[in-house]
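Novice: Next up is a structure, given as structure tokens.
Where a number appears in this text, it was derived from the coordinates with a stated rule and is not lab data. None of these values were measured; they are calculated from a predicted model. Note that each Cβ is placed from the backbone with ideal geometry, even for glycine, and that neighbours are counted across all protein chains shown.
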Amino acid sequence: MQKPANLLFILSDEHNPRVLGAAGHPMIKTPHLDRLAARGVRFTDAYCNSPICVPSRASLATGRYVHQIRFWDNGIAYDGSVPSWGHRLREAGHDVTSIGKLHFRSADDDNGFTEEVMPLHIVDGIGDPLGWLRDPLPVREAALRLAKDAKCGNSSYQDYDDKITAAAVDWLKARARGANQKPWVLFVSLVCPHFPLIARPEWFNLYHEDKIPEPAMYAAHERPNHPYIAAIRECMVYDKAFDQASRRRAIAAYFGMVSFLDHNIGKLVEALAATGLAERTRVLYSSDHGDNLGTRGLWGKSTMYEESAGVPMIMAGPDVPAGTVCRAPVSLVDAFPTIVDGAGLPVAAADRDLPGASLFDIVRGTAARRTVMSEYHAAGAVTGAFLVRQGPFKYVHYVGLPPQLFDLDQDPEERRDLGPDPGYRGVIADCEAALRRVVDPERADALARADQTARIAAFGGRAKVLAHGSFGYSPTPGTKPVYN
């Protein structure tokens with residue numbers, strides 16, 4: 001157990017883990033995150049537990065995998081019914097405040113926080129019903145707006161992040177003036193760099209469009225022809241609206257939004273120092289998932305490639321070794337035991353079966369052996385997809401479809417799928433066995449489909465879901481979604 005300390009937990013939305021200066025990106029400017037990594041631990045192999053907002057955030061909150069909690073997609077959201085780390089700390093008398101995006105069902109639910117400030121939850125408590133439709137997959141026409149919207153300019157998401165950051169700075173100032181009390185957790189959840197890909201001029205202009213390289217493996221002959229990837233590309237039709245100019249503009253805007261995010265993180269960290277809270281406050285930074293960002297002709301998330309399922313993760317502050325790079329695979333379910341551990345609380349009896357481990361133990365090398373896993377049952381998924389890490393190998397299991405296998409030591413960009421190679425059958429068998437010790441993929445896939453089918457019926461049937469339409473991104477508080 002760690003010496004108790006406060007925690008500033010900063011979560012971004014859709015931050016590709018490769019787009020980080022500390023990770024070696026050749027163009028991106030993230031000085032504040034780089035400094036945070038230099039004085040703490042950067043986890044190089046961190047994953048979300050489902051590469052889409054709602055289930056990822058449900059796993060983050062509860063410390064449990066998606067198939068255990070059954071918040072499968074962006075239309076079946078966390079409702080407070082499964083205990084969160086917030087519940088555990090609040091029950092022990094700690095202040096647990098959230099500011100910004102949560103993407104749970106509703107603020108009317110008890111989500112575990114002492115207070116929710118400016119929360120963004122799913123639209124009307126319903127979210128995205130179109131994600132329930134998986135047989136056959138619909139064409140998500142709203143995805144075509146990604147290319148058209150990409151530009152230099154302002155957006156409601158940037159305005160929202162300004163408000164979140166300012167509110168968090170004010171919260172820290174007020175807390176610094178208060179009397180000593182039990183360690184608190186401030187969860188600051190920013191929206192950028194989630195699309196729409198629009199960056200203000202001061203951030204967009206850091207990146208010259210004519211110097212933006214083409215996405216990796218973008219040419220038609222370089223793209224993977226795996227049936228799962230082919231299906232998601234025909235459902236999530238983002239790339240059909242892009243040409244070279246709009247690709248460069250979109251990536252420049254994404255880079256600008258990452259630098260804007262970094263700027264806001266700098267304000268938060270500087271506020272800790274200015275208020276005298278830094279010496280007794282840890283900082284944990286991560287994201288709910290990544291973004292394919294045009295690689296392989298894919299945009300958004302929803303795949304198990306590193307750009308999408310991977311997330312940045314950095315921890316710094318008291319009892320955290322400075323200048324450390326941890327290559328042990330981790331995932332967002334590790335946040336629950338880390339937060340409880342960092343507050344100095346014992347593990348509750350009901351939480352002893354949680355799949356995660358404290359990041360403190362992982363850094364020290366004392367964590368129990370476990371399998372890091374991610375899964376996906378949401379928009380664009382023609383079947384259930386499951387990722388596990390075994391040493392350098394990343395295995396992706398698709399129910400009813402051929403698996404994928406990548407050696408990330410030899411092939412970090414995942415250019416060569418070893419799945420069809422007979423020489424790796426033994427590795428694949430070992431990886432599948434590791435997966436099945438965590439989850440029965442066929443049963444989880446069937447359970448997800450059954451829950452989604454029940455939601456479709458309750459909504460009024462497939463035709464009504466299709467008529468309801470979809471929106472490109474969740475609106476900020478006080479605004480309305482724009483449907484296709």
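Novice: How high is the FRET efficiency from residue 366 to residue 273, r the C-beta distance, R0 41 Å, rounded to 0.05?
Specialist: Numbers: r = 31 Å, r/R0 = 0.75.
Here the calculated transfer efficiency is 0.85.
Novice: Same structure again: List the longest stretch of the chain that has no exposed loop site; here a site is one of the trypsin sites (Lys or Arg not before Pro) assigned by DSSP to anything other than H, G, I, E or B, with at most 14 other Cβ within 10 Å.
Specialist: Numbers: sites that count: 327, 352, 369, 415, 416.
Longest run free of exposed loop sites: 1-326.
Novice: Shifting gears a bit: Using the crude model of +1 on Lys and Arg Cβ and -1 on Asp and Glu Cβ, and no other charge, please compute the dipole size for the range 6-468 relative to its Cα centre, in debye to 20.
Specialist: Values: 52 positive and 57 negative charges, 45 e Å.
Here the size comes out at about 220 debye.
Novice: Still on this structure, please answer the following. For the chain, what is the mean residue ellipticity at 222 nm derived from helices alone (per DSSP H run of n ≥ 4: -39500 (n - 2.57); sum divided by total residues; nearest 500 deg cm²/dmol)?
Specialist: Mean residue ellipticity at 222 nm (helix-derived): -9500 deg cm²/dmol.
Novice: So what is the relative contact order of the chain, in percent, for Cα pairs below 8 Å that sit 6 or more residues apart?
Specialist: That works out to 26 percent.
Novice: Next up: Two-decimal Rg/Rh of the range 384-484 from alpha-carbon positions, Kirkwood Rh? Write down the numbers at each step before the final one.
Specialist: On the way: Rg = 19.1 Å, Rh = 16.7 Å.
Rg/Rh: 1.15.
Novice: What share of the DSSP beta bridges in the chain is antiparallel, in percent to the nearest 5? Before the final figure, lay out the partial values.
Specialist: Numbers: 26 of 54 bridges.
Given both bridge residues lie in the chain, the antiparallel proportion sits at roughly 50 percent.
Novice: Starting from the Cα-Cα distance between residue 442 and residue 166, subtract it from 0.36 nm times their residue separation and give me the gain in nm to one decimal.
Specialist: Stretched fully, the residue 442-residue 166 segment lengthens by 94.8 nm.
Novice: Give me the Kirkwood hydrodynamic radius of the chain in Å, from all C-alpha pairs, to one decimal place?
Specialist: Numbers: mean 1/r = 0.0446 Å⁻¹.
Across the chain, the inverse of the average 1/r is 22.4 Å.
Novice: Distance between the C-alpha centers of the range 12-72 and the range 259-288? Whole Å please.
Specialist: After rounding, the separation between the Cα centres reads 16 Å.
Novice: Treating only the Cβ atoms of Lys and Arg (+1) and Asp and Glu (-1) as charged, compute the dipole magnitude of the range 330-403 about its Cα centre; round to the nearest 20 debye.
Specialist: Details: 6 positive and 6 negative charges, 54 e Å.
Here the range 330-403 has a charge dipole of around 260 debye.
Novice: Related question: Between the range 176-221 and the range 369-421, how many Å separate their Cα centres?
Specialist: So the separation of the two Cα centres works out to 26 Å.
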